[in-house]
1. Within the stretch 145-175, how many residues turn out to be outside any loop (DSSP other than H, G, I, E, B), in contact (Cβ under 8 Å) with a residue 60 or more places away in the chain and touching a strand residue (DSSP E or B) at 6+ places or on another chain (Cβ under 7 Å)?
2. Could you grab the pairs with beta carbons closer than 9 Å, sequence gap of 6+ or different chains, first residue in the stretch 50-69 and over 18 Å from R86 (Cβ atoms), second one surrounded by 18 or more Cβ atoms within 10 Å (Cβ to Cβ) and acidic (D, E)?
3. Considering the stretch 144-187 alone, what residues qualify as being closer than 23 Å to M220 by Cβ and among the β-branched types (V, I, T)?
4. Which ones in the stretch 197-215 are closer than 21 Å to T49 by Cβ and touching a helix residue (DSSP H, G or I) at 6+ places or on another chain (Cβ under 7 Å)?
5. Hey, can you tell me all the residues within the stretch 220-264 that are of a type in the set (V, I, T), surrounded by 11 or more Cβ atoms within 10 Å (Cβ to Cβ) and either within 24 Å of L183 (Cβ to Cβ) or at pLDDT 95 or above (or both)?
6. How many residues are outside any loop (DSSP other than H, G, I, E, B) and surrounded by fewer than 19 Cβ atoms within 10 Å (Cβ to Cβ) when one looks only at the stretch 1-34?
7. Kindly evaluate L63 against the criterion of being closer than 16 Å to L195 by Cα, touching a strand residue (DSSP E or B) at 6+ places or on another chain (Cβ under 9 Å), of a type outside the set (S, T, Y) and not in a loop (DSSP other than H, G, I, E, B).
8. Does the stretch 266-282 include one or more residues that are modelled with pLDDT of 75 or more, hydrophobic (A, V, I, L, M, F, W, C) and either surrounded by fewer than 10 Cβ atoms within 10 Å (Cβ to Cβ) or within 30 Å of V189 (Cα to Cα) (or both)?
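The values are calculated or read from the model by the stated rules, or taken from the named source; none is laboratory data. Values in this document were obtained by computation on a predicted structure and should not be read as measured data. Virtual Cβ from ideal backbone geometry, glycine too; neighbours counted across all protein chains shown.
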Amino acid sequence: MTYCVAIKLNAGMVFLSDTRTNAGVDLVNRFRKMTVFEVPGERMITLMTSGNLSISQAVVQYLMHQTSTDENRTLWNVSNMFQAARLVGDAIRKVHALDAAAMKEFDVDFNVSFIVGGQIGNEEMRLFQVYSAGNFIEATPDNPYFQIGEAKYGKPIVDRVITPDTPLDEAAKCALISMDSTLRSNISVGLPLDLLCYEKNALAVTKFTQITQDNQYYQMISKTWGARLREVFGEIDDPVWTSASDNALAIESAHVTLPVLAPRPQGNATTSTHQSSQYLAQG
């Protein structure tokens, strides 16, 4: 499995992906899920993938080796990000047409997802999520980020923190906390991590790093986040069942006072039997 998160901000974009793939618990490998199509000063397009590795690799290879004679559209020459997302969707459909029938014969699902984001020329930055059918959706100010793969573990922090006005470095910190929460709860996601930060209108990769286990900043993030969570948890009052004082917040509801009770059978009531203790060794 994998976890990838991309965030679109007023100041730029953040992309973060892990590198672990696995088939069961005893076959674990590293494959990088992030690919960048860059022409400095003209375009910067980032792809991240999750799902069946053979499918995602086939799609990326198809996109990388397209030439201008292939219907005159490639990621190197499309004029806007919508066309780039459409091109990724078309590539998924082409791979599906080639491989889906054979995969179905062997009971293998055609499962792949892409995040496509970046900026071309004078166009605004745009961020898309592309599905297995080649269809896609675009990020909005109300939903400025996408996640693919094992998304549920790292979603709460992103939901609570990220807005379009979040500074770029702060969003990168949030993405790393989101990833750390995922690594903590799911062994199918793992280091190293690829982190890319893009500043608006740069039209080139602004900052990139690969984060390994010995990265001091990531170690600090992981330790500090865990310690602060426990600290804040300890500061929250335990539930009070009756409002003994005016300042107490009672958890007890005035509307429902009993749980749903199963009706006890009538007639032959069940009886419990208690057997006396038995001893293996007797005199």
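1. Total meeting the criteria: 10.
2. Here the result reads S50/E150, each pair linking the stretch 50-69 to a residue that is surrounded by 18 or more Cβ atoms within 10 Å (Cβ to Cβ) and acidic (D, E).
3. Those that are closer than 23 Å to M220 by Cβ and among the β-branched types (V, I, T): I157, V158, V161, I162, T166, I177, T182, I187.
4. The answer is C197, I211.
5. Start the filter on the stretch 220-264 by keeping residues that are of a type in the set (V, I, T), which leaves 221, 224, 232, 236, 240, 242, 251, 256-257, 260.
Add one more test, that the residue is surrounded by 11 or more Cβ atoms within 10 Å (Cβ to Cβ), and what stays is 221, 224, 240, 251.
Within the stretch 220-264, I221, T224 qualify.
6. 4
7. Values: closer than 16 Å to L195 by Cα: no; touching a strand residue (DSSP E or B) at 6+ places or on another chain (Cβ under 9 Å): yes; of a type outside the set (S, T, Y): yes; not in a loop (DSSP other than H, G, I, E, B): yes.
No, not satisfied.
8. no
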